[in-house]
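Visitor: Mind having a look at this structure? Questions to follow.
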Amino acid sequence: MCQSTIYLKKGDTEEEILRDAILVEPCPEGVRIQGLFDAPKIISARITGIDLLKNRIILEPQE
């Protein structure tokens, strides 16, 4: 399977917020994410990086 892990960047650290993400899409409120067995949720953030080789998606809080 090709799910990714989503991290929220806070300063110099990255906090894992969702493992096995199957949906990541920008929306007016931020980013809508959904895990394999989870309901969708909206994070007030923006996508700052995607590494498909390492299955990592980096978000940064919106200001």
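The values are calculated or read from the model by the stated rules, or taken from the named source; none is laboratory data. None of the values given here were measured: they were computed from a predicted structure. Virtual Cβ from ideal backbone geometry, glycine too; neighbours counted across all protein chains shown.
Visitor: Which members of segment 31-48 meet the condition of being among the hydrophobic types (A, V, I, L, M, F, W, C) and assigned to a strand (DSSP E or B)?
Guide: Within segment 31-48, 31, 33, 42, 43, 45, 47 meet the criteria.
Visitor: So, one more: Those residues that are in contact with a strand residue (DSSP E or B) (Cβ under 8 Å, 6 or more places away or on another chain), modelled with pLDDT of 95 or more and farther than 14 Å from residue 35 by Cβ, I need them from segment 8-18; list them, please. Let's see the steps before the verdict.
Guide: First pass over segment 8-18, keeping only residues in contact with a strand residue (DSSP E or B) (Cβ under 8 Å, 6 or more places away or on another chain): 8-10, 14-18.
Adding the requirement that they be modelled with pLDDT of 95 or more leaves 8-9, 14-18.
Answer for segment 8-18, where residues must be in contact with a strand residue (DSSP E or B) (Cβ under 8 Å, 6 or more places away or on another chain), modelled with pLDDT of 95 or more and farther than 14 Å from residue 35 by Cβ: 8, 9, 14, 15.
Visitor: Condition test on residue 2, is it at pLDDT below 95 and surrounded by fewer than 15 Cβ atoms within 10 Å (Cβ to Cβ)? Can you show your working first?
Guide: Numbers: at pLDDT below 95: yes; surrounded by fewer than 15 Cβ atoms within 10 Å (Cβ to Cβ): yes.
Yes; evaluated as a whole, the condition is true for this residue.
Visitor: Sticking with this structure for a sec: Could you tell me which numbered condition residue 57 fails, if it satisfies all but one of (1) farther than 13 Å from residue 2 by Cβ; (2) in a strand (DSSP E or B)?
Guide: So residue 57 meets the others, but not (1).
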